[in-house]
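Visitor: Dropping a structure here in structure tokens format, bear with me for questions.
The values are calculated or read from the model by the stated rules, or taken from the named source; none is laboratory data. Just so it is clear, the structure is predicted and the values come from calculations on it, not from any experiment. Virtual Cβ from ideal backbone geometry, glycine too; neighbours counted across all protein chains shown. The area values use the complete protein model at the heavy-atom level, side chains included, leaving out ligands, DNA and RNA. Shrake-Rupley method; radii C 1.70, N 1.55, O 1.52, S 1.80 Å.
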Amino acid sequence: MIKAVRGTRDLLPPDTALWNFVEATARDVFRAYNFQEIRTPIFEETQLFARSVGEETDIVSKEMYTWEDRGGTQSEKFSEFLDVVARAQQDPAYKATLDNTELYNKYLAQGRLRGQSLTLRPENTAGVVRAYIEHKLWDRGLNKLFYIGPQFRRERPQKGRYRQFYQIGAEAIGPPTSGSESPARDAEILEMLATFLDRLGITGWTLELNSVGCPADRARFNEALKKALEPVVSQMCDDCQRRAVTNPLRVFDCKVPEDQPIIDGLPRISQFLDEGCRKHFDEVKEILKAVGVEFRENDRLVRGLDYYTRTAFEFTHGALGAQNAILGGGRYDGLSESLGGPQAPGIGFAIGEDRLVMSVGKSAEEVSCKPDVYIAPLGEGMNREAARLARELRRHDLVVELGDESFRLKKSFDTADKLGARFALIVGENEVKAGAFSLKNLVTGEQVSVPRADLAQAIQVRK
Ligand code: AMP
């Protein structure tokens, strides 16, 4: 039997109702804050992630699904050419006849014989910023964009951690003149997240907040960190030993329990913030206090991606256990430039939808849509009548389930019950002749005869 690949899974009803509830609520909240949807491709050039997320991060160094795609141009002509080249490589005499032909030289010169390296997106901010640059979205001023979709990381699967997982995210990005740099943007996004979690009925979350400063602060901090690590790094895990050399900040990502006391003794970025970054961070906190969003400062929070600057945050939830981060995000003021774009400060977040769904204070049953009415055709030829009635009722926006004329009435009622339908409508020859149908309320057991023209209203009124 072929099964879903390790780390991936099928989302089935009734659970999908919960996913739809979460996504519909997200769309409602995004609308209220004037965010609009963006959809970027599921795979991108590998370079995009290497340059934005950072070569030294766990994501890029070990978790990406990367492959070499076939030659640059996918046209048939090009694949014919590849066949020719493959033959030429094996047969020197044949190659001699090709050397210096125009086509051969052209492709060789462009170096397009090597396939393009592509990667399934491990996160979506890089794709959004690429799209921002590619489509010159700065012409629109401040862009407030959201996305919902799958991401891919080859992590060790466990509860709440998958290799195909889903993120709901948003980004506010634009030229500095659009106010994209303002602490007001940071606070608005954080307040929006608090509103979203509240609307989902998620209680007991904690907003952890930090500022990771600007590149100059980070450089000074890195120096200090390197110095502080020197005498202790040999006692730390292998990953930390590597990080200490390549990217010391990442030491704070370490989850190895034995390393924690050492990490607790290291300097913190908060001691290295310059005047501008400190003021920015203070203002974010002041606005949050003004709107009544609680937060906890956590100066160990550096987040797993290299591109963050200034505000960095996570929302955690106790009920999730070890994988307790529901969402994370932060500011990335230099990201556009590092991808070859213009200055475009921005801030964003990504919510792990898989974990969010686990934390929602409602059951799939509660948010599932149950049939308003189950139509029970009774006897031969009644499927046709039932189909006509179903069509009429569905036009009135009622949720209708259809039985089959081969079912006995008892079986129809049992099925209707199982589906949680509120009414059963009996369609037999006598009813069709009389133009009135027995409508049974499956909750109270009450049964009334209703003329055809009044059926939709009768069901709606009793909803
Ligand atoms: P990140 O993009 O690493 O900042 O992650 C943002 C959020 O995505 C995290 O807080 C998690 O909720 C979620 N997430 C990240 N990786 C996974 C995964 N492998 N499986 C499920 N959720 C994940």
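For every residue, the table says whether it meets (1) open to solvent by 20 Å² or more (accessible area, probe 1.4 Å); (2) assigned to a helix (DSSP H, G or I).
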| site | (1), (2) |
| --- | --- |
| Arg31 | yes, yes |
| Asn34 | yes, no |
| Ala50 | no, yes |
| Glu56 | yes, no |
| Ser61 | yes, yes |
| Arg70 | yes, no |
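Visitor: Looking at (1) touching an Asp or Glu at 6+ places or on another chain (Cβ under 7 Å); (2) open to solvent by less than 60 Å² (accessible area, probe 1.4 Å), which one does Ala390 not meet, given that it meets all the others?
Guide: Single failed check for Ala390: (1).
Visitor: Moving on. Taking the stretch 318-347, which residues are crowded, with 21+ Cβ neighbours inside 10 Å and either among the aliphatic types (A, V, I, L, M) or modelled with pLDDT under 90 (or both)?
Guide: Ile326, Leu327, Leu335, Ala344, Ile347
Visitor: With respect to Ala194, is the statement that it is of a type in the set (Gly, Ala, Ser), within 30 Å of the chain's Cα centre (by Cα) and surrounded by 22 or more Cβ atoms within 10 Å (Cβ to Cβ) true?
Guide: Criteria not met by Ala194.
Visitor: Here is a further query. Residues that are of a type in the set (Val, Ile, Thr), at least 1 per element: which helices (runs of 4 or more DSSP H) completely within the stretch 369-463 meet that?
Guide: The qualifying helices (runs of 4 or more DSSP H) are 409-419, 429-434, 455-461.
Visitor: Further question on the same structure: Here's a check for you: in the stretch 131-156, which residue that is open to solvent by 30 Å² or more (accessible area, probe 1.4 Å) and within 20 Å of Gly328 (Cα to Cα) is farthest from the ligand (Cβ to nearest atom)?
Guide: Lys144
Visitor: Another question about this same structure. Can you report the number of residues in the stretch 157-188 which are open to solvent by 10 Å² or more (accessible area, probe 1.4 Å), on the phi > 0 side of the Ramachandran plot and within 12 Å of the ligand (Cβ to nearest atom)?
Guide: Residues in the stretch 157-188 being open to solvent by 10 Å² or more (accessible area, probe 1.4 Å), on the phi > 0 side of the Ramachandran plot and within 12 Å of the ligand (Cβ to nearest atom): 0 in total.
Visitor: Taking the residues in the stretch 262-317 that are in a helix (DSSP H, G or I) and aromatic (Phe, Trp, Tyr) as candidates, determine which candidate is nearest to the ligand (Cβ to nearest atom).
Guide: Only one residue fits best here, namely Phe281.
Visitor: Examine the stretch 79-102 for a residue that is modelled with pLDDT under 75 and under 36 Å from the mean Cα position of the chain (by Cα), and state whether such a residue exists.
Guide: yes
Visitor: I'm told Arg384 meets every condition in (1) crowded, with 17+ Cβ neighbours inside 10 Å; (2) without any contact (Cβ under 8 Å) to a residue 60 or more places away in the chain except one. Can you identify the failing condition by its number?
Guide: (1)
Visitor: Right, another one. How many residues are part of a loop (DSSP other than H, G, I, E, B) and surrounded by 13 or more Cβ atoms within 10 Å (Cβ to Cβ) if we restrict to the stretch 207-233?
Guide: Count: 4.
Visitor: Within the set of pairs 6 or more residues apart or between chains, which connect a residue that is farther than 15 Å from Asp238 by Cα inside the stretch 249-270 to a residue that is small (Gly, Ala, Ser) and at pLDDT 90 or above with Cβ atoms less than 8 Å apart?
Guide: If the second residue must be small (Gly, Ala, Ser) and at pLDDT 90 or above, the pairs left are Gly265/Ala228; Leu266/Ala228; Pro267/Ala224; Pro267/Ala228; Ile269/Ser211; Ile269/Gly213; Ser270/Ser211.
Visitor: While we're here: When the residues of the stretch 342-363 are narrowed to those that are assigned to a loop (DSSP other than H, G, I, E, B) and among the hydrophobic types (A, V, I, L, M, F, W, C), which ends up nearest to the ligand (Cβ to nearest atom)?
Guide: Ranking the candidates gives Val360 first.
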